[in-house]
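The values are calculated or read from the model by the stated rules, or taken from the named source; none is laboratory data. The structure displayed is predicted, hence computed values, not measured ones. As a convention, Cβ positions derive from the backbone with ideal geometry for all residues, glycine included, and neighbour counts pool all protein chains shown.
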Ligand SMILES: NC(=O)c1ccc[n+]([C@@H]2O[C@H](COP(=O)([O-])OP(=O)(O)OC[C@H]3O[C@@H](n4cnc5c(N)ncnc54)[C@H](OP(=O)(O)O)[C@@H]3O)[C@@H](O)[C@H]2O)c1
C-alpha cells in the first residue's frame, strides 16, 4: 500500500520524541499498520535551532504552515506545538483540508474540543488526543472504547506531575511547600512560572477532557471547581501521615443523582489506596465503573518518549482507519451535548480540620457544638500542645461542602479559635490505620 505521510507541527520535547521513536520502531510500526509511514515535513518557528537533531534525511523542516497544509500527500497532522493560537487555527485548517489530526494540547482541547471534534466530523476525518491527559498513560482511548459499556461512577486522577512531585517531596523529605517548589524548579519538574500547575488549572483542563469523553457530553473549564496546593503546609502533610493518609492533588469527576461534580482539590488519600502510592512526577487515573468496578491507569505523565508513545499510538489508530476507510466515523467527543453539572456544594465527603485554639476548659465543647449545629459528626479529635495555644486535629464523617464552609466561618468567629489552619476533603473512606 501507499506510504502514509505525516506533517508534524512542533519539534520540541514531544515533537522530537515522536520523530525519533518513529525512526527507532519504524519496522514494527509499519508491520502493524501494513504500510510505510513517514514524517515528511515538520513546522518550527526557527529552523536554525534544529541542526543538532538526528532526523531522517527526507524530513523537511519548515517555518511556513502552508508547506504542510497545502501538501496533498500529507494525510495526518500531529500538533505538538502547544498554546491556543495559532494551534487552534492550524488544526481547524488541517481538518478542513481533509487531514486527520493528532494533538497533545490539553490547553487547547479543554477550551475548544467540541469545535475541533465537530470540524473533524464535518470533514470525515479523525481527531485523537491520547497524549493530552497523562502523557504516556493510555486513558483517553480506554475511556472512549474499552470502558464504554460502563456507567462511570467516578474518575479521580493525579494528572499533574509538578504538584505530585512537590507533595511527594514534602511527604518524603519533610520539605516546606516553598522548598519543595524550588527543588522541583531546579530539577525541571516545575516551570519558572508554576501558577497553572500549583493552582490546579492544568489538572482542571485534564479532568474536563476526561469527563467529556467518559460521559459523552461536554463540560467546560468553568464547570470545574479548582483549588491548588499553595495552602498545604508541612504540618498538614505530617498530621496526614500520623492519621494514615497521604495528601495528593486530585482531579475528580463524580456522578451524583443530579449530574456530575467536577473538582480539583488537595485531598487526604488513605495510605492503603493505590493513588497514595503514586510518587514524584508519575501520574495515575483511577476510574470506577458500574461493571468493571475500579481500575487504575499509571505511568509517566510527561516526557519526550512517554508522550511520543501516546501520540504515535493515535497515529497508528488513524492509519488503521485510513486502511479501512472509516476515518471520521467515531468522534472522540459528543459535538454538541453538554453534561449536566451538579452543584459541588452538595457533594458530601469526610473532611480533615486543623485548628489553632486557646488551651482552656470549655473550648472543645464549644467547637463540638458548632459542628453539631450543622449536622456534622466528629470521627477523630486530637489535641496537641500544652501551651496557651493548642492544635486541634479532627476528621469528620461525610459532610456537604456548604456545611463545611459554614462551620469554618463560625469557628473562625469564635473567641477561642485563633485560626482555622486548614480543612481538606478526605478521598474515599475514613482511614483506620
Ligand atoms: N512536554 C511534555 O512532556 C508534554 C506531555 C504531554 C503533553 N504535552 C503537550 O505537547 C505540546 C508540546 O509540548 P512540548 O513540551 O513539546 O513543547 P516545546 O518543547 O516548547 O516545543 C514546541 C515546538 O513547537 C514549535 N512552535 C511553537 N509555536 C510555534 C509556532 N507558532 N509556529 C511554528 N512552530 C511553533 C517550537 O518551535 P521553536 O522551538 O522554533 O519555537 C517547538 O519546536 C503542548 O501542547 C504540551 O502541553 C507536553
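Brief remarks on what is shown
- Hits in segment 34-56 - residues which are under 16 Å from residue 318 (Cα atoms) and either within 30 Å of the chain's Cα centre (by Cα) or within 16 Å of the ligand (Cβ to nearest atom) (or both): 39
- Considering (1) over 11 Å from residue 9 (Cα atoms); (2) buried (at least 24 other Cβ atoms within 10 Å of the Cβ); (3) within 12 Å of the ligand (Cβ to nearest atom), the lone condition that residue 95 does not fulfil carries the number (3).
- Qualifying residue in segment 58-78 (condition: within 14 Å of the ligand (Cβ to nearest atom) and within 17 Å of residue 311 (Cα to Cα)): yes
- If the condition is being within 15 Å of the ligand (Cβ to nearest atom) and over 18 Å from the mean Cα position of the chain (by Cα), then segment 112-147 contributes 116, 127.
- Only one of the listed residues (171, 211) is in contact (Cβ under 8 Å) with a residue 24 or more places away in the chain, in the same structural domain as residue 266 (by TED's automatic domain parsing) and in contact with a helix residue (DSSP H, G or I) (Cβ under 6 Å, 6 or more places away or on another chain). That residue is 171.
- Residue list for segment 122-162, restricted to those being closer than 17 Å to residue 108 by Cβ and part of a strand (DSSP E or B): 127, 128
- Candidate set: segment 82-92, residues that are at negative phi and surrounded by fewer than 24 Cβ atoms within 10 Å (Cβ to Cβ); chosen: the one farthest from the ligand (Cβ to nearest atom): 92
- No other residue among 428, 375, 385, 362 is closer than 30 Å to residue 259 by Cβ and at pLDDT below 95 apart from 428.
- Filter result (surrounded by 15 or more Cβ atoms within 10 Å (Cβ to Cβ) and assigned to a loop (DSSP other than H, G, I, E, B)) within segment 356-378: 359, 374, 376
- Failed condition for residue 196, given (1) without any contact (Cβ under 8 Å) to a residue 60 or more places away in the chain; (2) surrounded by fewer than 19 Cβ atoms within 10 Å (Cβ to Cβ); (3) more than 13 Å from the ligand (Cβ to nearest atom); (4) farther than 30 Å from residue 317 by Cα: (3)
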